[in-house]
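Below: the structure, in C-alpha cells.
Computed from the coordinates by the stated procedures, all read-outs in this text should not be read as laboratory data. Being a predicted model, the structure only gives us computed values, none of them experimental. Quick reminder, even Gly has a Cβ in these numbers, built from the backbone with ideal geometry, and neighbours come from all protein chains shown.
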Amino acid sequence: MVKIATSGNKGKGVRSDCFVTLELTDQGGIQLELESKVAVMYGASIRQEVHDILDFFDIKNAKVKLEDSGAISLVIAARLEAAIRKLTGSAKSRPPALLTQNLYTTTKDRNRFSRLYLPGNTPSLMINAGIHKPDGIILDLEDAVAPDKKDEARFLVRNALCGIDFYGAERMVRINQGERGLDDLEYIIPYNVNLILLPKCESADQIHAVNKRIDEILNRQPSTVNRQSSIWIMPIIESALGVINAYAIASAADNIVAMAIGLEDYTADLGTRRTAEGTESFFARSMVVNAARAAGIQPIDSVFSDVADMEGLRQNVLRSKALGFDGMGCIHPRQIMVIHDTFAPSPEEIEKAKKIVFAFHKAKEQGLGVVALGTKMIDPPVVKRALNTIHLAIKMNKLAENWRETYE
Amino acid sequence: MVKIATSGNKGKGVRSDCFVTLELTDQGGIQLELESKVAVMYGASIRQEVHDILDFFDIKNAKVKLEDSGAISLVIAARLEAAIRKLTGSAKSRPPALLTQNLYTTTKDRNRFSRLYLPGNTPSLMINAGIHKPDGIILDLEDAVAPDKKDEARFLVRNALCGIDFYGAERMVRINQGERGLDDLEYIIPYNVNLILLPKCESADQIHAVNKRIDEILNRQPSTVNRQSSIWIMPIIESALGVINAYAIASAADNIVAMAIGLEDYTADLGTRRTAEGTESFFARSMVVNAARAAGIQPIDSVFSDVADMEGLRQNVLRSKALGFDGMGCIHPRQIMVIHDTFAPSPEEIEKAKKIVFAFHKAKEQGLGVVALGTKMIDPPVVKRALNTIHLAIKMNKLAENWRETYE
Amino acid sequence: MVKIATSGNKGKGVRSDCFVTLELTDQGGIQLELESKVAVMYGASIRQEVHDILDFFDIKNAKVKLEDSGAISLVIAARLEAAIRKLTGSAKSRPPALLTQNLYTTTKDRNRFSRLYLPGNTPSLMINAGIHKPDGIILDLEDAVAPDKKDEARFLVRNALCGIDFYGAERMVRINQGERGLDDLEYIIPYNVNLILLPKCESADQIHAVNKRIDEILNRQPSTVNRQSSIWIMPIIESALGVINAYAIASAADNIVAMAIGLEDYTADLGTRRTAEGTESFFARSMVVNAARAAGIQPIDSVFSDVADMEGLRQNVLRSKALGFDGMGCIHPRQIMVIHDTFAPSPEEIEKAKKIVFAFHKAKEQGLGVVALGTKMIDPPVVKRALNTIHLAIKMNKLAENWRETYE
C-alpha cells in the first residue's frame, strides 16, 4: 500500500511557499529530496527542521520531496505537518512558538475601519501584511481557500498566528460555515486570535455553537495560556435569512463586537445583481446598521471589489459612512489608506466638533445645564455626536489629546 | 310565497355567459323559456341539460328563463346550479367532469414570472386564457367579483377548473378574506386547483386555517381523488401588518411557494398614494423580497395597472427584477410577453453565465476546488448565480440543454 | 445653616417670568422684596399671593426676593412653590384651579398634523401658544429644559396645564426618560393632560411602566377627578433599538395613539449626520410608518429644524406625507400653517375623491356591489382612500359636510 500525501503550492507565481510530497515507507529511513534556490545558504537548516518534524511525529521511514520557493520556516513546518497528519491521522500538534509581540489583546470598541482579507493558504501575502497598517488582518479559511486545500490551510494559519508579526493589527480569522468552522477553531483559539469572523451567519444559535466550542478549547489548554481576555466575534450577514435575523444575531452574545454584511453572497441569495448604487441591498445594509447599533456594536460594510478604482472606493466609503457604517473589508492593501482617510472625521467635521465640545466643557465648568454656541442652544444628541468626532480624531492622530489647552 | 332567484350576467358587452331566472312553483312542471341566438343549433341540447340539472336537484315544478349570450355548457350549468342552490339551500353538488388534461400538478420551484388575473364571474375571459401562455391563471373570487355575485362565482370557478383547459398554466384561485375564503375552498379544492392565493394575509394563523380546511376537504373526498400532490399557497401582503409579519407568514408552512405584494391595498393602508418610482413601497417590497428569500420561496411583485403602457411595464419589471422579485401579476394578456421577456435572462447575462458555468464544470472535471476565468478566481456566490441563470435560460428555451457540448 | 433656594429666570430677554430667591430664617417673619415694573398696579396682589403661598406651606420666617419680568399669577406661584419645596422637601402641592375650559378630552383618531414644542421652563412661549391653532401643544420637560432646571419646570408645566387656555389644542407633555419621567407624571396626570410623549422609547416595557404609574396616580385622586377618559401616549423612536422594536412598542397598549420619530437623536445613535434628503433615516422612517399603521395608530415625523426655510419645510412635509406620515412636530408657530396646508388634501385630491365617493354612494343606494366611474370599475382600496380624503377634507373645513346634496 502506497501512502502519499502532498501539501502546499508550487509553480509559476508561487512565492514564499513550498510543496511537500510525503511518502511513508516501510524501510530505508528518511530520504529527503530538497529543491531550493537557497539550498546553499539554508539547505542544512531546512533539512534539520524536516528531520526534527518527522521525528516529532515518530516517522522513521519516508520519502520526502520538498520543492521550495522561498518559504520561511513556519511555512515549511505547516506544509510538512499537514502532509504528515493527512497520512497518519496523528492527533499530535506542532505549532511554532507564539511570539511575545503577538500576545496583544484588543478592546471591544477599537477602530475597525479596515480589515484586510488574506487567503488562508497563501503565505506570501501574510508575511508583510502588517506593514500596511490595516486595523485588522483576516486569515481566511473560507471562500478564499479551495475546498481541497482547506485542511492544509489550517496549519498555515495556525503557524502564521504564532510566528508572523501583524504590527498591532487585530488578529482575525474567518472560519468556515457549519461543522468545519467549529473544527477550524481548534487550530486558532489557542494561539491568541483576537477575533473570529463567522460567515453566512443566519441565527443566534450559530453564535452560541461557536462560543461553546471556544470555551471547550480554552478549558483544555494548560493554565499558562491566558484565558482572561475575550475572543471577539464578528458575524457576517450574507443571506436574506441573516438580514431577517440581524438583531437576534447582533445581540446573541457579549463578545460580539461588530456585524458585517457580505454583498456578493447576499445579492446572489436574493437572485439579483450587485450594482454600484446598491438599491438592491439598501434594505439589507440599513437592517445591519440598525441591528448592530441597537445591540451596541459596530456595523461593517462589504468589500469594494474593484481594486483599481480608488475614486469609486472613496465614493463607496462616503455612502457607507453616511448610512452609519463604521468600517469595511478590503481585499488589497492599497485600499486601506483611502478607507481610513474617508471614514476619519474630515477637517471641517473636526472644527465644528471642537466648537461644540469646547462649549460643552465650558458649560460643565460653569455648572450650566445647557450647552450654547452664542445664543443657540445645542441639543444633547448634537453634543454627543461632536464628542464622538473629537474622540475619534484623537484616536486617529488628527487632533492632539490636549487640544483644548490651546483652543480659543 | 314566490321564490325567485337569478344568476349570471346579461346585457350589452356580455359574451359567453347566460342569465338564469328561476322560479320554484307548486305545479305545472318545468316551464323553460330559452332566449339564444344559437337556439336553432344548440337549443335542444341546452334544454336537455336544463332538465337534467333540475332533475338532479329533484325539482319537478319551476319556471326557468335562460337568456343566453353564447354560454358553453359548463357556464349554463354553473348559472343554473347557483340559482337552484340559492333557492333550495341544497347541499348537493353537480360539477362537470374533471378533464383528464386538467389533472396536471406543478412543482414548488416552477417559473412564476406571470400570473394572469381573471374575474371569477366573467366566463368570456376564462375560455381562451390559456392560449396566452401565462405561467399561472388566477380565477379571482375576491376583489374582481362584486359582493352580491360572490356566491354564484364559486360555481363558475369550480366548473371552469373542471372543464376549461389552461394549457399547462398553473391553476390558481384567489379566495376571499376570512370565513368566506375558507368556505370558497369547498368549491375548488376537490377540482385539482394547483395554488391558492390568500389575499390581505397578516399572520401565520391565516395560513394554518387555510391548510386545516384544505385537509378537512381532502379527507372528505373519495379515495379516487388524488391527495398525494401538494396544493400550494401564495399569500398576498397588502397591509402594513402583513409587511411587519412577512417572514412569519412566508415561513408558516411547507406548501407556501411564493409570497406576493399588493400595492393598491398596501398604499391605501399606509394612507398614501402609489407612485411610479415607488418610494412609498420600497421598504415593503424589500421586506417581502427578503422574507420570501429567507423562507426559500419566490417573491412576487404587484400588478402594473396601466395596460396600455408597455414601456412603463418593462421599466417596472426591470426594477422588480433588480430588487430580487421572481415575477408579477398581470391584468391583461398583452402584459404577459413583456413580463416573460424582461424577467428572463438577457443574452448578455446568458453569455456571461456560460463562461462561468463552463469554467465551473471544467474545474470539477479536473478535480480543482477553485473556479477561475483566466487568472481571476470566481467566488462561489458568483458561480451559484451563473448556474441559476443557465438553469433559467434552459427552462425558458433561450439556451439548449446540451449547450456545453458545442461551447468553446 | 443658611438655606437658600432660587427658581425661575431673569436677565436680558426674559419675559413673563420671575426669579425667586428664598431664604428660610429662624425669626423676623416674612421679609418680601419685590422688583417689578408693574408693582404700582399689581404689587399688592403679588404680595398677597406670596404671603398666601408661604402660609400654605407653614413658613413663618423667610426672606423672599421676587424679581419680576411680567409673570402672571400662576407663574409666580410655580416659581415660589418650586423654591419652597426644594428647601423644605414638603410633599404638599398647591396647583391653581383647573380652568373649566381646560377640561376637554381628545379622541384617539383626531388630527395630529402639527404639535408645537414649548420648553417647559419658559412661560412667555406658553401664554399665547393656543392662538396659533396647532393640533397639539407640547410642554416639554425633557431636552428643552436644562438639567438643573428640570425640577422647577414641573411646577410651571403643572400650573400651565391648570391655568392656561390652549384653545382646543391637544394638551401634551413630553416627560423625561427613565425614573425621572415616571416622577414627572405626578405633576401632570391629575391636571387633565391629554397625551404623554415618551422620549427615546425602546421597548414595550417602558410603555407599561408609564401606564402603571398613570393608573396609580389616578387611583390616588379624589373621585371628583374625571378618570373616565383615556390619557393617550405617543412614544418617540429616537434610537436604532427603538426602530428595531417599533412594532412591539406601537402595539404595546390601547392608549397609544401615535408614534413619532426623532431624527436628531436617531442619526446621532447611528453615528451619522442628518441630511435633507434623509437617505440615512429612510429605513427608520419606513419602519415607524409601517409599525404604526400595523398597530392602527398615527405615524408622526420628526421636526424640521430650519424655522426660516418655509419652502424647505413644505418639501419636507410632502416627503413625509408621501411616505405615509400623518403629522410632524414643529418648533416655531410659523411652521404650523405650512404643515396643515401641506398635509391637508389638495383641491385636486378632493375633486378626484368626490367623484369616487359619489359613485360609491350611488352604487350603494342602487344595491350594486361594484363601484364604477363610467365603464371603469373602482377597486375597494381606491374607494377606501377616497373616503378617507373626503373625511379629512370635511374635518379640515375644506369641504362642506353636505357636499353630496349639491354635487352632480
ask   = Given the options B:VAL193, B:VAL64, B:VAL317, which has the most mean-square fluctuation in a GNM of chain B, springs set between C-alpha atoms less than 10 angstrom apart?
value = B:VAL64
ask   = In nm, one decimal, shortest first: how far is the label point of A:ARG15 (7 Å from Cα along Cα to beta carbon) from the matching points in the other copies?
value = 7.6, 7.6
Gap separating the Cα centres of the stretch A:151-170 and the stretch C:1-64, nearest whole Å = 75 Å
query = Going by a ≥ b ≥ c, the root eigenvalues of the Cα gyration tensor, does chain B fall in the rounded group (a/c under 1.5), the prolate group (a/b larger than b/c) or the oblate group?
reply = prolate
inquiry  = How would the protein assembly as shown be classified by its alpha-carbon gyration tensor: rounded, prolate or oblate, with rounded meaning a/c under 1.5 and the a/b versus b/c comparison settling the rest?
reply    = oblate
ask   = Hey, could you pull the Cα Rg and Dmax for the stretch B:284-351, both in Å?
value = 12.3, 35
ask   = Picking from B:GLN48, B:GLN31, B:GLN366, which is most flexible by a Gaussian network model of chain B using Cα springs under 10 Å?
value = B:GLN366
Top positive-direction residue, dipole computed over the stretch C:182-264 with Cβ charges, set C:CYS201, C:ALA258, C:ILE217 = C:ILE217
Degrees, to the nearest 10: B:39-56 long Cα axis against longest axis of chain B = 80 degrees
request  = Taking every pair of alpha-carbon atoms in the stretch C:161-216, give the share separated by more than 16 Å as a whole percent.
outcome  = 40 percent
query = So what's the angle, to the nearest 10 degrees on a 0 to 90 scale, between helix C:73-88 and the longest Cα principal axis of chain C?
reply = 60 degrees
query = Ratio of Rg to Rh for the stretch C:233-287, alpha carbon only, Kirkwood?
reply = 1.00
request  = Could you let me know the centre-to-centre spacing of the stretch B:78-130 and the stretch A:298-316, using Cα atoms, in angstrom?
outcome  = 54 Å
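Shielding by partners for A:267-277, please: the mean number of other protein chain Cβ atoms within 10 Å of each residue's Cβ.
If you average over the peptide's residues, the count of other-chain Cβ atoms is 6.
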request  = Can you list the distances in nanometres, one decimal and ascending, from the C:ILE30 label point to the identical position in each other copy, with the point 7 Å along Cα to Cβ?
outcome  = 10.4, 10.4
request  = With the convex hull built on the Cα atoms of the stretch A:164-285, state its orientation-averaged projected area in nm².
outcome  = 8.7 nm²
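With +1 on each Lys and Arg Cβ and -1 on each Asp and Glu Cβ, and nothing else charged, work out how big the dipole of the stretch C:316-382 is about its Cα centre, in Debye to the nearest 20.
80 debye
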query = How long are the semi-axes of the ellipsoid equivalent to the stretch A:146-191, from square roots of 5 times the Cα gyration tensor eigenvalues, in whole Å, largest first?
reply = 19, 12, 9
request  = Among A:MET337, A:LEU387, A:LEU399, flag the residue with its Cα farthest along the positive direction of the charge dipole of the stretch A:327-408, charges on Cβ as +1 for Lys/Arg and -1 for Asp/Glu.
outcome  = A:LEU387
inquiry  = Can you give me the C-alpha center-to-center distance between the stretch C:187-210 and the stretch B:269-287, rounded to a whole angstrom?
reply    = 31 Å
inquiry  = Taking the 0 to 90 degree range and rounding to the nearest ten, how far is the long axis of helix C:150-163 tilted relative to the main principal axis of chain C, both from C-alpha atoms?
reply    = 70 degrees
task = Once you have the Kirkwood Rh of the stretch A:1-90 from its Cα pairs, apply Stokes-Einstein at 25 °C and 0.890 mPa s and quote D in µm²/s.
result = 190 µm²/s
note = If labels are modelled 7 Å from Cα along the Cβ direction, B:ASP183 lies from its partners in the other copies at nm distances, smallest first, of 6.1, 6.1
request  = Given the options C:ALA246, C:ALA276, C:ALA258, state which has the largest fluctuation in a GNM of chain C using a 10 Å cut-off (strictly under) for Cα springs.
outcome  = C:ALA276
note = Per the rotation taking chain B to chain A, min distance Cβ-to-axis on chain B (residue, whole Å) equals B:PHE283, 4
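Return the Rg/Rh ratio of the stretch B:48-175 with Cα-based radii and a Kirkwood Rh.
Taking Rg over the Kirkwood Rh, I get 1.00.
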request  = For the stretch B:322-375, build the convex hull from the C-alpha positions and give me its volume per residue in Å³.
outcome  = 118 Å³
note = Only helices counted: for chain C, with every DSSP H run of 4 or more residues adding -39500 (n - 2.57) and the sum spread over all residues, [θ] at 222 nm is -13000 deg cm²/dmol
note = With +1 on the Cβ of every Lys and Arg and -1 on the Cβ of every Asp and Glu, the dipole magnitude of the protein assembly as shown about its Cα centre, in debye rounded to the nearest 20, is 280 debye
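Semi-axes of the equivalent ellipsoid of the stretch B:92-142: what are they in whole Å, largest first, if each equals the square root of 5 times a C-alpha gyration tensor eigenvalue?
Three semi-axes, in Å: 20, 16, 11.
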Order of C:PHE56, A:PHE19 under a 10 Å beta carbon neighbour criterion, fewest first = C:PHE56, A:PHE19
key: Least to most buried among C:THR107, C:THR406 (fewest other Cβ within 10 Å first)   = C:THR406, C:THR107
request  = Indicate the gyration tensor shape class of the stretch C:212-360 (rounded, prolate or oblate), computed on the Cα atoms with a ≥ b ≥ c the square roots of the eigenvalues: a/c under 1.5 is rounded; otherwise a/b larger than b/c is prolate and the rest oblate.
outcome  = oblate
